[in-house]
Amino acid sequence: MRRHATSWLIKLVFLVIIIVFIFWGVGSFRARRASILAYINGEPLYYKEFALAYEQVINSYRARFKGFNEDWIKRLNLKKTVLDSLIERKLIIQVAKKMGVSASEDEVREIITHYSVFQKNGRFDPTLYQTILRKHHYTPAQFEENLKRDLILSYLRNTIQGLAHVSEKEAYEAYKWQKQQINLQFVTFKPEAFNKKVNVSEEKLRAYFEKHKDNYLVPRQLKIDYVNISERQFIPEIKPTNEEIEQYYKVNQSDFYQPKTVHARHILFRIPTDASKERIEKIKKKAKKVLEMAKRGEDFSKLAKRYSEDRSTAAKGGDLGWFGRNTMIKPFEDVAFSLKKGEISDLVKTRFGFHIIKVEDIKEAHTKKLPEVRRQIVQRIKKERANQMAEELANRLYAQAILDNSLKKAADDFKIPIRKTDFFSNQHHPKGIHYSLIPKILKLKRGEISPPLKTQNSYFLAQVIAEKDASVPPFSEIKKRVKEDYIKEKERELAKKAAEGFINKLKEGKEFSQLAREYKLTIQETGFFGINENIPKIGYKPTIQRELFSLGPSRPYLDKVVEIGGNFYVLKFLKRKEPDKKAFETERESFIKDLLSVRRAIFFNSWLSNLKKGADIRIKEKSIL
């Protein structure tokens, strides 16, 4: 009895250790918060700063993308991105201090009190402010300090960017470069056309197989037992109380804030991009006549159906429906949000043309009342609690499976259905298992049990019950595949060699059309296309677009073969079409503005890059990356 009791005591202690491990992890954020992550010119960057910023970025991605998971974090390299951002902020703040740049309490207060998210009925609400900050794990002091830094960063960024400028001549040259079009002649060397020239023998195939064995490697394969614990199974038993619903609403009021929206109609008179000043004036006169009709009280909907050149809304009487800020082009939006209900605007010019806007209705900014969002809150509480229950069960199951050294036995004890797979690899995934889990499962060793793995709506546990090492099948088993690969490679080599021979003869002075006849190739034309467009009849290859547009009468050919979409091309310049100066005059203002915006960003990034190069940056904990 005593020995048996001791055995259970050991198991109980082991179980506690496992649960602590599950909930806290090895080397977790909590254990490192007080540590210094890096030094930037001797100034410490604390781990807690990184943890908070990283958590905010992760939460932001989760809110925007449903399928966001660990794979996204790795592919986007979010840890390094966040760290780089924090380092850059530190460097800019250091420069600002040397320059004596600061932000006052009054500036911070002014911004906070005018944030619509902190307002109730159009006025700043201190209680709402505190509630929202608590929800996002901020104290007012932390938030206000961050806001001060943001103001300083913004000021310094604007100061540096203000040093960039664009002259009229530079703008016109950039415009010509961006808007020019070229027409090319080309001949195509298709690999399949060389099929009959490929010599195949057993000896050559075996040699090819030996050289390319890695291409035929069958990766390691696993067979697993697994359990999927879904949130959904817990939802029916969750019954939120009125008190819980009211508390949730109180804490999360900002989630139910509705910014101002308007319901509007419009009539559009389009201005072509190449329109002359006379043409624009003519369009404006027409728009003014229709505006006068609308102001006199004629039916706006009928006027839109008759005159509007917006095909998507004209048939609906110009109805744009309800929309909020940052959904329409700015000049249009600014006017729409300044109008009263039933009011008609004067002519509004945007890059699309002249608009006449009528506001049909307005919904002022407000926070939805509890009855309006009660059902939504109930669903949220159910989902959050169901997720907690699923996670709790998954962790208990994992702890028991570790004790039993068997996921199946633990699942049977918990009366949870267990499923099995056949052998699979990273090339062939079993049905019913989310693709994002496969890389983690494939890291498991034979007999190993995975900790609970989170998917969108469930927790997944797996145990490897059998495995096959990576191997290359015998030549005899895959001879057909080897032959196909060998032929394709040789066809490609012959096609490329023929295209290179064609170019060499052009360099020797032979004429393009004569060579095409000798090679029995058809000369085609692309037709005119722009620098950022697909090459018609060929495809798109960003790495050669600039080179193609540098061709001209003095240098008509590229001195290399171009491979696109599996074919090889020899290209010859035929003609260039440059934009009209009048077209530039029409777009001049907006083009210079866009070009200046790009140049400012490049200027600032260059300054920041040089700042980083000259800085003493020492990262202490590189393991987090």
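The values are calculated or read from the model by the stated rules, or taken from the named source; none is laboratory data. Quick caveat: nothing in here was measured; it's all calculated off a predicted structure. Positions of Cβ are generated from backbone atoms using ideal geometry, with glycine treated the same way; all protein chains shown enter the neighbour counts. Heads up: the accessible areas ignore ligands, DNA and RNA and are worked out on the full protein's heavy atoms, side chains in. Shrake-Rupley method; radii C 1.70, N 1.55, O 1.52, S 1.80 Å.
Over region 91-165, what number does the Rg to Rh ratio reach, with both radii from the alpha-carbon atoms and Rh per Kirkwood?
Values: Rg = 14.8 Å, Rh = 13.8 Å.
Result: Rg/Rh = 1.07.
Please compute the length gained on full extension between K284 and E107, using 0.36 nm multiplied by the number of residues separating them and subtracting their Cα-Cα distance.
Going from the current span to full extension adds 59.5 nm.
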field: Under 5 Å, built H, 5+ apart or other chain: amide partners of A103
entry: none
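Based on the Kirkwood radius over alpha-carbon pairs, what is the Stokes-Einstein translational diffusion coefficient of region 343-422 at 4 °C with 1.567 mPa s viscosity, in µm²/s?
On the way: Rh = 18.7 Å.
The diffusion coefficient I find is 69 µm²/s.
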message: Need the list of lysines near K383 for cross-linking: C-alpha distance under 24 angstrom, and skip anything on the same chain fewer than eight residues off.
response: K66, K135, K239, K250, K368, K369, K415, K454
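Would you mind classifying region 266-370 by shape? Square roots of the alpha carbon gyration tensor eigenvalues, ordered a ≥ b ≥ c; an a/c under 1.5 is rounded, otherwise it is prolate if a/b is larger than b/c and oblate if not. All intermediate terms of the calculation are to be shown ahead of the outcome.
Working: a/c = 2.12, a/b = 1.64, b/c = 1.30.
The shape class here is prolate.
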field: Values of log10 I(q)/I(0), in the order q = 0.12, 0.16 Å⁻¹, for region 397-501 under a Debye, Cα-only, solvent-free model
entry: -0.59, -0.80
- prompt: Over the chain, what is the mean sequence separation of C-alpha contacts under 8 Å (at least six apart), divided by residue count, expressed as relative contact order in percent?
  reply: 25 percent
statement: About its Cα centre, the chain carries a charge dipole, from +1 on Lys and Arg Cβ atoms and -1 on Asp and Glu Cβ atoms, whose size in debye to the nearest 20 is 840 debye
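Taking every pair of alpha-carbon atoms in the chain, give the share separated by more than 40 Å as a whole percent.
Tail of the P(r) past 40 Å holds 59 percent of the pairs.
From the P(r) of region 444-603, could you give the percentage of C-alpha pairs in the tail past 18 Å?
Details: 9780 of 12720 pairs.
Here the long-distance tail beyond 18 Å is 77 percent of all Cα pairs in region 444-603.
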Nonlocal amide H pairs with I564, under 5 Å, H built at 1.01 Å: Y569
message: Among Q400, F414, G353, whose Cα projects farthest towards the positive end of the dipole of region 267-425, with charges put on the beta-carbon of Lys, Arg (+1) and Asp, Glu (-1)?
response: G353
field: Note, ³J(HN,Hα) from phi for region 356-369, Karplus 6.51, -1.76, 1.60, rounded to Hz, x at Gly and Pro
entry: 10, 10, 10, 8, 7, 7, 9, 10, 5, 4, 7, 9, 4, 6
task: Determine the equivalent ellipsoid of region 173-243 by diagonalising the alpha-carbon gyration tensor, then write out the semi-axes as square roots of 5 times the eigenvalues, largest first, rounded to whole Å.
output: 56, 39, 12
query: Each residue of region 278-295 in order: what ³J(HN,Hα) in whole Hz does its phi give by Karplus 6.51 cos²θ - 1.76 cosθ + 1.60, θ = phi - 60°, with x for Gly and Pro?
result: 5, 5, 4, 5, 5, 5, 5, 4, 4, 4, 5, 4, 5, 4, 4, 4, 5, 5
message: Taking 0.36 nm per residue of sequence separation and subtracting the Cα-Cα distance, how much length would be gained by fully extending the chain between Y39 and K369, in nm to one decimal?
response: 114.0 nm
message: Which residues among region 126-168 fall inside the zone where the amide N is under 17 Å from a point 7 Å beyond the Cα of V95, along Cα→Cβ?
response: 149-165
- request: Rounded to whole Å and sorted largest first, list the principal axis extents of the Cα atoms in region 170-211.
  value: 63, 24, 8
statement: Expected unfolding gain across V251-F475 under the 0.36 nm per residue rule, minus the alpha-carbon gap, is 74.0 nm
statement: Diffing region 479-486: the Karplus 3J(HN,Hα) column from phi (6.51, -1.76, 1.60, θ = phi - 60°), in whole Hz with x for Gly and Pro, holds 4, 4, 5, 4, 4, 4, 5, 4
task: Compute log10 of I(q)/I(0) for region 29-158 with the Debye formula, placing one identical point scatterer on every Cα and leaving out solvent, at q = 0.17 Å⁻¹, to two decimals.
output: -1.13
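For region 116-220, what D do you get in µm² per second when you plug the Kirkwood radius from alpha-carbon pairs into Stokes-Einstein at 37 °C and 0.692 mPa s?
Numbers: Rh = 23.2 Å.
In µm²/s, the coefficient rounds to 142.
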Where E578, E585, E203, E144 fall by accessible area, highest first, once all protein chains stay in place (1.4 Å): E203, E578, E585, E144
query: Of the accessible area of region 392-516, with the probe set at 1.4 angstrom, what percent is carbon plus sulfur?
result: 48 percent
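Estimate the FRET efficiency between K593 and Y435 by the formula 1/(1 + (r/R0)^6), using the beta-carbon distance for r and 56 Å for R0, to the nearest 0.05.
Details: r = 44 Å, r/R0 = 0.78.
The formula returns an efficiency of 0.80 here.
What is the diffusion coefficient of region 72-129 in µm²/s, taking the Kirkwood radius over Cα pairs and the Stokes-Einstein relation at 4 °C with a viscosity of 1.567 mPa s? Present the calculation step by step, with values, prior to reporting the outcome.
Values: Rh = 14.6 Å.
The estimated diffusion coefficient comes to 89 µm²/s.
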statement: Between Y540 and R306, the two model label points (7 Å from Cα along the beta-carbon direction) sit apart by a distance in nm of 4.3 nm
field: Cβ-Cβ FRET estimate between S554 and E493, R0 fixed at 45 Å, reported to 0.05
entry: 0.85
message: For a quick check: with amide H placed at 1.01 Å from N, whose amide H comes under 5 Å from T188's, ignoring anything fewer than 5 positions away on the same chain?
response: T522
- request: Determine, from the Cβ-Cβ distance of D580 and N77 and an R0 of 41 Å, the FRET efficiency 1/(1 + (r/R0)^6), rounded to the nearest 0.05.
  value: 0.35
